[in-house]
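K.L.:
Let me give you the structure first, and then I'll get to my questions.
The values are calculated or read from the model by the stated rules, or taken from the named source; none is laboratory data. Being a predicted model, the structure only gives us computed values, none of them experimental. Cβ placement follows ideal geometry from the backbone for every residue including glycine, while neighbour counts extend to all protein chains displayed. These area figures cover heavy atoms from the full protein model, side chains too; ligands, DNA and RNA do not enter into them. Shrake-Rupley method; radii C 1.70, N 1.55, O 1.52, S 1.80 Å.
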Amino acid sequence: MADIFEWKQKGSVLPAAGWSFVTGNFTGNAIADVAAYHPSDGSLWVGSTTGGDFLFTQWATVDPKTGWTILSGNFVGDAYDDLVAYHPSDGSIWVGTNMGSSFVFSQWATVIPASGWSFQAGDFTGDGRTDLMAYHPSDGSVWVGVNTGSSFVFIQWATVDSASGWTFQVGDFTRNGRVDIVAHYARDGSVWVGRNTGSSFAFGAAAYTTPPAEGWTLIAGNFSEDGATDLGAYLGDTGSPDTSGTFRVGRSTLAGDFFFASEAWAKVSPPSGWTLVPGNFTADNRNDLFAYHPSDGSIWIGENRGTPAEGYAWPLSAAPGEVIQFYHCTTACHVDALARRRRLAAELLADDSRKLAIGYLLGTPPVRHHQRGGLRHIRGQAEDPQPFGGRRTGQRQHLARV
């Protein structure tokens, strides 16, 4: 299968190594921008593109220069994305309010202990302002920093078992309109969905297992345009040409797990060392990928050309000159397909020469179906029930509800 992401180089940064990037709508145009931080001088830059190379301008400088974790989100509730900066020397958390051509920082919180925290940004409370999720490996505690408009008030929402070793992503994985979390435990590769209940993250059974367990970078984004946040998985150099440098997408199912197709959506070279960040750089409804490599400072956009086709053809054969239509399946594929067949049958009633097709249309077309985790995938042949080597049973229960 050809790569779903079409890679185009969009310039390079100097110095080549050491940069960290986040994406967001910093300039108010129709496509995503990137914010770049370099610890050599504490500089913060915003890069924008209108199709050509990224043009970077400096928007701020942080002090001290090194050690910052930078996130993006709409923290002040206006039309532009801002930045959050956390420093482990004193546990301070600052919001860089977007002024249109600069970030103006003010302190919003302090966390204790000062060091060791990892953060994600998302609107967990549903009020339109971006909150923070915080995880500490000393006790496995997971907190939400509720955004009051001028501060973060932290409340514990969950605890993960086997306290250390977890990484997190955020998104609406359950299609309930709330921002959930995904937790990945690299020691055994298990992936868990923490459903947002409004005041806690509720974990059920493991949603997936990544083979191999370690070496993955998980990246949440709307890659398939099916109404739920998907889970991207980037694997570096494994020593195998088949798996090294691959980026796969697990589509979230109604059952709260992930369906990974057997084929990778993209492959990068060299296989290791990439920073991949999702963002909508093409003004459609799908997330593309921003990619940076520190070996040469090159920056790229992987334009998302669309979900691999899954669906059925109607009719299954055609005479010369007739047209076969292919229907693409989403989470409601089986419902949409039946509605389409009924509409087509009504049209055929007026055509005596084609009435024989009506009963066939209202019945079940002769394609093989198999059910996977609440999503109905329709293809000509059944596939391996756990593609990409996943398993979902017999997992050790790492996560405990609060």
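K.L.:
Under the rule of at least 5 residues apart or a separate chain, name every residue whose amide H is placed under 5 Å from the amide H of Arg129.
P.N.:
Long-range HN contacts for Arg129: none found.
K.L.:
Out of the total accessible area of region 161-209 (probe 1.4 Å, heavy atoms of protein only), what percent is carbon and sulfur?
P.N.:
Numbers: 700 of 1510 Å².
In region 161-209, the share of accessible area belonging to carbon and sulfur is 46 percent.
K.L.:
Compute, for region 31-144, the length of the dipole vector about the Cα centre, with Cβ point charges of +1 (Lys, Arg) and -1 (Asp, Glu) only. Units Debye, rounded to 20. Can you show the working numbers first?
P.N.:
Working: 2 positive and 12 negative charges, 33 e Å.
Once rounded to the nearest 20, the dipole reads 160 debye.
K.L.:
With Cβ to Cβ distances under 12 Å as the rule, what net charge do the other residues near Met99 carry (K, R +1; D, E -1)? Could the numbers behind the result be given before it?
P.N.:
Details: positive: none; negative: Asp78, Asp82.
For residues surrounding Met99, the net value is -2.
K.L.:
For region 163-263, what is the accessible area per residue in Å², given a 1.4 Å probe and the full set of protein chains? Don't skip to the end; give the middle numbers.
P.N.:
Values: 3110 Å² over 101 residues.
Result: 31 Å² per residue.
K.L.:
Then there's this: Where does each of Trp265, Trp68 land when they are ordered by accessible area, with a 1.4 Å probe and the largest first?
P.N.:
Details: Trp265 5, Trp68 30 Å².
Putting Trp265, Trp68 in descending order of accessible area: Trp68, Trp265.
K.L.:
Of the accessible area of region 211-282, with the probe set at 1.4 angstrom, what percent is carbon plus sulfur? All intermediate terms of the calculation are to be shown ahead of the outcome.
P.N.:
Working: 1230 of 2400 Å².
Accessible surface attributable to carbon and sulfur in region 211-282 totals 51 percent.
K.L.:
Rolling a 1.4 Å sphere over the protein heavy atoms, what is the accessible area per residue of region 1-101, to the nearest Å²?
P.N.:
Values: 4260 Å² over 101 residues.
Heavy-atom SASA per residue in region 1-101 reads 42 Å².
K.L.:
Using only protein heavy atoms and a 1.4 Å probe, report how much of Ser150 is accessible, in Å² to the nearest 10.
P.N.:
We get 80 Å² for Ser150.
K.L.:
For region 158-223 and region 119-147, what is the separation of their C-alpha centers, rounded to whole Å?
P.N.:
14
K.L.:
Output the relative contact order of region 99-181, whole-number percent, from Cα pairs under 8 angstrom with separation of 6+ residues.
P.N.:
Contact order relative to length: 23 percent.
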